[in-house]
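For reference, the structure discussed in these notes is given below.
The values are calculated or read from the model by the stated rules, or taken from the named source; none is laboratory data. None of these values were measured; they are calculated from a predicted model. Here Cβ is always computed from backbone atoms with ideal geometry, including for glycine, and neighbour counts include all displayed protein chains. Protein only, heavy atoms only, side chains kept; ligands, DNA and RNA dropped before computing areas. Shrake-Rupley method; radii C 1.70, N 1.55, O 1.52, S 1.80 Å.
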Amino acid sequence: MKNDTFITDNFLLQNKYAQELYQKYSADQPIIDYHNHLPPKDIVEDRKFENITQVWLAGDHYKWRAMRTLGVD
């Protein structure tokens, strides 16, 4: 029987060394996003947002520019 699963535990790991490094050392680590557009103050103070839109747009000048380009006030 053929396995048609696309995303597996070794997805994008192209050789046995990459698989070993990932499975032994990285798989159980938390994902830490060091690249975000929130002001550091909001993170330090554990700011609570009212909704996902507020999180998505708060402090992100890249999204503001894109919205202005598309005609959003």
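ILE7 - would you say it is under 16 Å from the mean Cα position of the chain (by Cα), in a loop (DSSP other than H, G, I, E, B) and not aromatic (Phe, Trp, Tyr)?
Numbers: under 16 Å from the mean Cα position of the chain (by Cα): no; in a loop (DSSP other than H, G, I, E, B): yes; not aromatic (Phe, Trp, Tyr): yes.
In short, no.
Take the conditions modelled with pLDDT of 85 or more, hydroxyl-bearing (Ser, Thr, Tyr) and open to solvent by less than 100 Å² (accessible area, probe 1.4 Å) and apply them to THR8. Does it pass?
Numbers: modelled with pLDDT of 85 or more: yes; hydroxyl-bearing (Ser, Thr, Tyr): yes; open to solvent by less than 100 Å² (accessible area, probe 1.4 Å): yes.
Yes.
Quick check: anything in the range 51-66 modelled with pLDDT of 80 or more and acidic (Asp, Glu)?
Scanning the range 51-66 turns up no residue that is modelled with pLDDT of 80 or more and acidic (Asp, Glu).
Can we say LEU38 is aliphatic (A, V, I, L, M) and in contact (Cβ under 8 Å) with a residue 12 or more places away in the chain? Walk me through how you get there before you give the answer.
Numbers: aliphatic (A, V, I, L, M): yes; in contact (Cβ under 8 Å) with a residue 12 or more places away in the chain: yes.
Answer is yes for this residue.
Considering only the range 25-73, how many residues are within 30 Å of ASN10 (Cα to Cα) and among the charged types (D, E, K, R)?
Matching residues across the range 25-73 total 2.
Tally time: how many residues in the range 1-41 are β-branched (Val, Ile, Thr) and touching a Lys or Arg at 6+ places or on another chain (Cβ under 9 Å)?
Taking the range 1-41 as the starting set, the residues that turn out to be β-branched (Val, Ile, Thr) are 5, 7-8, 31-32.
From what's left, touching a Lys or Arg at 6+ places or on another chain (Cβ under 9 Å): none.
Residues meeting the conditions: 0.
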